[in-house]
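Notes follow once the structure below has been shown.
Just so you know, all these numbers are worked out from the coordinates, no wet-lab data involved. Since this is a predicted model, take the numbers as computed values, not measurements. Here the Cβ positions follow ideal geometry from the backbone for every residue, glycine too, while neighbour counts run over all protein chains shown.
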């Protein structure tokens, strides 16, 4: 499972951070046939322009009950992941958020999404915020994943009229590439 999480994160980085500035992606393509219930792991290497090292990474996770194992795995690998990202991107910074049920289900717009740590270079604070993730509740769909993604990307702006935003600022740095590492399992 740990390799699966790291592969998912590597895939997210390859698709989001490196796509626009990629000098090369290897392998360029991959094809496999697998049976129902089987998995395949694909490791891709992304060559990026080293001068583009101002990157903000935001860890965003569904904190509803079904996410317990995934949250546990992310907690387990977060320290090494932060170290690796800092080694790769000299000016990396990190933030952490979580989301719960859909705002229309009674948790409201202010309770569906929380910024636990604004963008910072303090990896101890980031690790503590990831460590505070706790799976609970849920048991239905939809979740607040799309709402949370919008809130993270727009610094908590209103989504569907006045009063529909969380007001929670992510703290993106000016000029930084923005990467959201998103962990969830239910449609929004």
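Could you please rank 179, 115, 36, placing first whichever residue has the fewest other Cβ atoms within 10 Å of its Cβ? Numbers along the way, then the final one.
Details: 179 21, 115 24, 36 4.
Placing the least packed residue first, the sequence is 36, 179, 115.
So how do 57, 183 line up by other beta-carbon neighbours within 10 Å, fewest first? It would help to have the intermediate numbers written out before the result.
Details: 57 27, 183 21.
Placing the least packed residue first, the sequence is 183, 57.
Which of the peptides 129-141, 93-105 is most tightly packed, and how do the rest follow, going by the mean number of other Cβ atoms within 10 Å of each residue? Let's see the in-between values first.
Numbers: 129-141: 15.3, 93-105: 22.8.
Peptide ranking by packing, descending: 93-105, 129-141.
Before anything else, pin down the relative contact order of the range 76-175: Cα pairs under 8 Å, at least 6 apart, normalised by residue count, whole percent.
The value is 28 percent.
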